[in-house]
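A quick write-up on the structure given underneath.
The values are calculated or read from the model by the stated rules, or taken from the named source; none is laboratory data. All values derive from a computational prediction rather than experimental measurement. Positions of Cβ are backbone-derived with ideal geometry, glycine not excepted, and every protein chain shown enters the neighbour counts. These accessible areas exclude ligands, DNA and RNA; they are computed on the full protein's heavy atoms, side chains included. Shrake-Rupley method; radii C 1.70, N 1.55, O 1.52, S 1.80 Å.
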Amino acid sequence: VLEEKEVKSSMSLKSELHETLQEKINDMGEQLVTEFDLKKQMDIFSKALKFIGIDTFYISMYQDSDNPMEKSRLICAFKKGERIYIPSDFTFKTNIIIPEEIIAQEKENTYLVQSLYQGDEQMGYLILKYSIEEGMIYDVLRQKVGIALRISSLINKLKDYSENLEKIVYEKTKNLKEINNILEKEIEERKKIEEKLKKSEEKFRDIANFLPTIIFETDLTFKIEFINQIGKDLFELEEGNQ
């Protein structure tokens, strides 16, 4: 009877522990998909892992999802509960899995390497230190962080697209303003030239009126547009005659 009670008690504790872990992971998942800053996402993830007993993990993303084995970028590393500083341009050959300098001086441990993907897109991989026996937990963690990183990636792509679009619109608007300024200057210059021509023409007509030679101008229909004084007197013509 005592053994039966102990078994039941043990099963009850395991059930409670499983429910607690599941609640913690679900809570982590909700926080991850509402946070788009990578550093904050990793803080949320690391705290949840600490709670369930996993103090070491690494996340790497493929540089090119179409050629995943070329290069990867380590975006996050937590060792014994502490974040390891990773330069933003830290890349390595994917088949290395984790660079030696990152795992240096670490005691022999067992790790699980899990692929991070959404649909057909291969994003990277998650490395978790094997610390608990509930195998399903690791797969759930992979799914949660994979979804969060995918959403974050899409948001950042939309943000970059929006910023690039704003730059394009700004450049186009800037170019249009420059063109308008050039046109305005050209129109102003043309007005000045026309004004000068008009004044020159007025001076020419003033001078022509005093010359003893007949001087006149016509349009294409031979309509007289200007005739000097001697022409008017000799031929009795006025501007507008044909």
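Values as computed for the structure displayed
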item: Any hit, segment 151-158, residues being open to solvent by less than 50 Å² (accessible area, probe 1.4 Å) and closer than 28 Å to Thr34 by Cα; result: yes
item: Neighbours by Cβ (under 8 Å, 6+ apart or cross-chain): first from segment 30-44, charged (D, E, K, R) and surrounded by 13 or more Cβ atoms within 10 Å (Cβ to Cβ); second part of a helix (DSSP H, G or I) and modelled with pLDDT of 85 or more; result: Glu35/Gln41; Glu35/Ile44; Glu35/Ala148
item: Pick from segment 71-96, criterion closer than 19 Å to Leu116 by Cα and in contact with a Phe, Trp or Tyr (Cβ under 8 Å, 6 or more places away or on another chain), ranking: surrounded by the fewest Cβ atoms within 10 Å (Cβ to Cβ); result: Lys71
item: Residue satisfying all of: in segment 130-148; among the acidic types (Asp, Glu) and free of Cβ contacts under 8 Å to residues at least 40 places away in the same chain; most open to solvent (accessible area, probe 1.4 Å) among these; result: Glu133
item: Close pairs from segment 162-173: first in contact (Cβ under 8 Å) with a residue 40 or more places away in the chain, partner in a helix (DSSP H, G or I) and open to solvent by less than 80 Å² (accessible area, probe 1.4 Å), Cβ under 9 Å, at least 6 apart; result: none
item: Matching entry among Ile151, Ile102, Ile127 (being among the aliphatic types (A, V, I, L, M) and free of Cβ contacts under 8 Å to residues at least 60 places away in the same chain); result: Ile102
